[in-house]
Amino acid sequence: MAKTKEIKPKDEKKNTSLRLNSKTLKALKMRAIEEDRSVQKIVETLIEDYLRKTGKKSR
């Protein structure tokens with residue numbers, strides 16, 4: 001029987017929508033491919049950096 005990975009509350013992800021200009025989204029996707037990273041990871045990192053910079057906690 002396959003085991004399912006238990007998600008801890010601090011690791012839980014929530015969905016949100018983000019609307020971007022089509023040129024911006026295309027550039028972001030291309031950069032993600034160049035860096036072998038997901039758009040999700042890039043956006044999450046940018047938000048976490050912003051929150052740290054502005055003195056807010058992200059987690």
*Could you list all residues from the stretch 9-59 that are among the charged types (D, E, K, R) and surrounded by 11 or more Cβ atoms within 10 Å (Cβ to Cβ)?*
LYS26, LYS29, ARG31, ARG37, LYS41, GLU44, GLU48, ASP49, ARG52
*Which of the residues belonging to the stretch 16-34 are under 15 Å from the mean Cα position of the chain (by Cα) and charged (D, E, K, R)?*
ARG19, LYS29, ARG31
*Matching residues in the stretch 30-56 - criterion: being over 21 Å from LYS13 (Cα atoms) and part of a helix (DSSP H, G or I)*: MET30, ARG31, ILE33, GLU34, GLU35, LYS53
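Every number in this text was worked out from the coordinates using simple rules, so none of it is lab data. Computed from a predicted structure; not experimentally measured. When we count neighbours, we look across all protein chains shown, and the Cβ atoms used for this are built from the backbone with ideal geometry, even at glycine.
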